[in-house]
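Taking it in order: structure first as structure tokens, then the write-up.
The values are calculated or read from the model by the stated rules, or taken from the named source; none is laboratory data. Computed from a predicted model, the values in this text were never measured in an experiment. Positions of Cβ are backbone-derived with ideal geometry, glycine not excepted, and every protein chain shown enters the neighbour counts. Ligands, DNA and RNA are excluded from the accessible area calculation, which covers all protein heavy atoms including side chains. Shrake-Rupley method; radii C 1.70, N 1.55, O 1.52, S 1.80 Å.
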Amino acid sequence: MSGLEEPEELQPEEGSLRLVGDDDTYDLHAWEAATAAVLRKTRLLGEDAPDSDVWDALSRTTLDGVAVPPIGHPGYVEGLRTSGRPQRVGPWDVRTQVDVPRGGEREANEAVLVDLENGATSVVLHLDGHDGPDWATLLDGVLLDLAPVVLDRPTTEQVESFASLLEQHDGPLHPATNLSLDLQTLEMLPSRVREDGVQATDLFLPVVRRARQLGIRALVVDGTALHDQGASDAQELGWTMAVGIHYLRMLADAGFTFDEAARLVEFRYAATDEQLPTIAKLRAARRLWSRVLEASGGTDVPQAQHVMTSRPMMAAVDPWVNMLRGTVAAFSAGVAGADAVTVVPFDEPLGRPDAFGRRIARNTSSLLIEESHVAAVADPAGGSYAVERLTDELAHAGWAELGRIEGDGGAAADAARTGAKDRVRAVCAARDAQVADRSRPLTGISEFPNLGEVLPERSPGIPRYARHHGWAYEDMRRQPADRPVFLATMGPVAGHTARATFATNLLAAGGVPVELAGPTSGVESVLAAYAGQPVVCLAGTDSAYAEWGADLVAALREAGASYVVLAGRPGERTVADVDDSAAMGVDALAFLGRVRTALGVDQEGSDA
């Protein structure tokens, strides 16, 4: 029989497994030297720069100022100031999202049952309107002792209605069921005033006592509410800790022990397509909450963590990319030890998700668990040099944000809420600048846009605010230019294709189509393809620009071009007499705005 012999022992003796050979003597300096050689070839590192500069060249910095390195090394775990690991063992709770429009309880019930029969293990309901739905119809056939049910940002009337339903239920309830009252989200974000004058604070303790009597959770600390406004990871961490502390204080004043109070609360966080920062954020959240309980005198009650994939990262254009974003986010949440994971359907930005969108959402977790075995190991990222360092630094950044909120009076204080919102706005401005110059690229939005796409149709969904990262580009795509830009390609395809492709993609990101001249040999052949478009963009090599670019610009202006753009950088070595230019690092949104104005497009936009 050929092949490897069967091992005598299935597991080697501890400490005897070697993953390197005798000749593998590489160290950190060797990696720096090899990496620096590659970067110098690609001109990303200067010839005279020291090899150690590769860290700055390849690291990126989050919006919280935390560096994400290209690789980890043992030095990263020296001097860490926090500790703690996720404790989830086995698969996470696959929590499916179901929207419930007014009068749509029967249809929503069908969606709930389909999800629960095909891989989902719990449900998060997003209810339209202010009052409670027809619960008997909505939850008909749902085994409430097996499938936890929670609510997504409910009104106080909906919380009370849900509590009444559960109190009438004949039988046990799953302990992860949550009445889902989130006092701070109701008070911090714009909300209505009840007709009966009852305030959310008036219901806090009654709702908690009802939940305690039922043996379920009462409260949600919803970090996604601030995330949807544009918050950074550390801001989300700091805010959720501040809200959690506020709830602990209120419950302690009512006679609850800190351990009792902690068991009544579930934290809700957003997972993005930034894999390592998401893993680190969720691990840091557990460390911070453990520290809060320790400082309060409680024991280490594990943080109940429900993670939803980010809505701001999603897009209505090229929505298929949302599947990839959701997969990375769900993977990160699972690896980070989330207790429950909700994948937002890829088609939600288009309206109400259909059966296909919900199926893809729930199957994302099923595939990660059953096919990829992501849940087979507890805390698989634990021990990773880079992840441990990133977790520690995010924990400290989140604790610093908590300090700012507490310094302004705590989560319930107007000054603290105003300060938190101001800091979120500053982060939004920084992110917008990165999106504008495409240093934060958005696939399908600012990069590789598809102007010819046909979007799937969806019925109107329940309104939900999220400050999408690509909102400015999407606004332009909703109002595309009627007239194309003439792409004056200079020379053969091999010569102009790089800049022609760059310009085509850049213009498409702003809803501007192009018409290509094709292969050309000089001014006359370009003019032969020109059809009088007011905006023209030259695309060719620097040598072509220098040789006949100035003559082409003059000829195009004489033929009717009123706005001439150069793909590249203008100057003496290329072409100087142009109205605008586009190159790597340009403020793409500002450039596209000027081009659209030259094309006569009425500029209207928002930041939603």
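Using only the C-alpha atoms, the convex hull of the chain corresponds to 223 Å³ per residue.
For the stretch 420-510, the set of chymotrypsin sites (Phe, Trp or Tyr not before Pro) satisfying both a DSSP loop assignment and a count of at most 14 other C-beta atoms within 10 Å is given as Tyr465. Remark: the stretch 254-266, residue by residue, has Karplus-estimated 3J(HN,Hα) of 8, x, 7, 6, 5, 5, 4, 5, 4, 6, 8, 10, 10 Hz, where x stands for each Gly or Pro and the curve is 6.51 cos²θ - 1.76 cosθ + 1.60 at θ = phi - 60°. Summary of the geometry: the stretch 243-307 and the stretch 467-542, compared by the centres of their Cα atoms, lie 52 Å apart.
Calculate the FRET efficiency for Asp587 and Glu32 from the Cβ-Cβ distance with a Förster distance of 30 Å, rounded to the nearest 0.05. The pair Asp587/Glu32 has a calculated efficiency of 0.35.
When you filter the trypsin sites (Lys or Arg not before Pro) in the stretch 507-608 for DSSP loop state and at most 15 other Cβ atoms inside 10 Å of their Cβ, you are left with Arg573. Relative contact order of the chain, taken over Cα pairs closer than 8 Å and 6 or more residues apart, is 13 percent. Across the stretch 73-127, the relative contact order, built from alpha-carbon pairs under 8 Å that are at least six residues apart, equals 43 percent. Magnitude of the charge dipole for the stretch 146-286, about its Cα centre and with charges confined to Cβ atoms of Lys, Arg (+1) and Asp, Glu (-1), is about 380 debye.
Against the chain, whose longest principal axis is taken from its Cα atoms, helix 355-366 shows a tilt of about 70°.
On the stretch 392-526, 57 percent of the accessible area sits on carbon and sulfur atoms, based on a 1.4 Å probe.
Per residue, the Cα convex hull of the stretch 501-569 amounts to 89 Å³. Remark on Arg60: its backbone amide H falls under 5 Å from those of Val68, a criterion applied only to residues 5 or more positions apart or on other chains, H modelled at 1.01 Å from N. If R0 is taken as 25 Å, the Cβ-Cβ distance between Lys421 and Thr61 corresponds to a FRET efficiency of 0.60. The alpha carbon centroids of the stretch 325-361 and the stretch 379-409 are separated by 25 Å.
For the pair Asp170 and Ala252, the difference between a 0.36 nm per residue extended length and the Cα-Cα distance amounts to 26.4 nm.
Relative contact order of the stretch 69-219, taken over Cα pairs closer than 8 Å and 6 or more residues apart, is 18 percent.
To the nearest ten degrees, helix 28-41 and the longest principal axis of the Cα atoms of the chain are 40 degrees apart. As a ratio to 2.2 N^0.38 Å, the alpha-carbon radius of gyration computed for the stretch 214-253 takes the value 1.33. Excluding ligands, DNA and RNA, the accessible surface per residue across the chain is 45 Å² with a 1.4 Å probe. When each of the peptides 82-89, 575-582 is scored by how many other beta carbons lie within 10 Å of its residues on average, the order from highest to lowest is 575-582, 82-89. Restricting the stretch 125-205 to GluC sites (Glu not before Pro) that sit in a DSSP loop and have at most 12 other Cβ atoms within 10 Å of their own Cβ leaves Glu195. Against the chain, whose longest principal axis is taken from its Cα atoms, helix 493-509 shows a tilt of about 40°. With just the Cα atoms defining each centre, how far is the stretch 37-53 from the stretch 83-146? Give it in Å. With the stretch 37-53 and the stretch 83-146 each reduced to a Cα centre, they are spaced 53 Å. Extension gain for the segment Thr201 to Glu78, taken as residue separation times 0.36 nm less the Cα-Cα distance, is 39.8 nm to one decimal.
Taking the helices alone, the chain has a mean residue ellipticity at 222 nm of -13000 deg cm²/dmol, built from -39,500 (n - 2.57) per DSSP H run of at least 4 residues and averaged over all its residues. For Leu183, the shell of other residues with beta-carbons less than 13 Å away shows a net charge of -1, using +1 for Lys and Arg and -1 for Asp and Glu. Rounded to the nearest 5, the antiparallel percentage of DSSP beta bridges internal to the chain is 5%.
Rounded, prolate or oblate, given the Cα gyration tensor of the stretch 123-238, with a/c below 1.5 counting as rounded? In terms of gyration-tensor shape, prolate.
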